[in-house]
Amino acid sequence: MNDNLNLKLNTEQLNTKLNTQNLFMDYPDVVSVEQLTAMLHIGKVLAYRLIRDKQIKSKRVGREYKIPKAAVVNYLNDTEVSI
């Protein structure tokens, strides 16, 4: 019985992660800081702080940061929600 409960919870967690990824279908696989701010509804200062603190993985290419969309999804999945 306990195994069924664990399987159900794992399936729900997987579905939640997959649904989070569907939120950003309109964005390319690699986004800019400006697009990141729109995706998360945050300002540029916070976006750069998340990148600087390596909470969202990115690569610097010249003068710009390139952020994989998967890194944004991972950030959302790893962030605890408090209500």
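Okay, here's what the table says:
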item: By average C-beta atoms within 10 angstrom, highest first, the peptides 38-51, 64-77; result: 64-77, 38-51
item: Fully extended contour minus Cα-Cα distance, from Ala38 to Lys54, at 0.36 nm per residue; result: 3.9 nm
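Every number here is computed from the coordinates shown, using simple stated rules; none is lab data. What you are looking at is a predicted structure, and each value in this text was computed from that prediction instead of being measured. Note: ideal-geometry Cβ built from the backbone for every residue, glycine included; neighbour counts use all protein chains shown.
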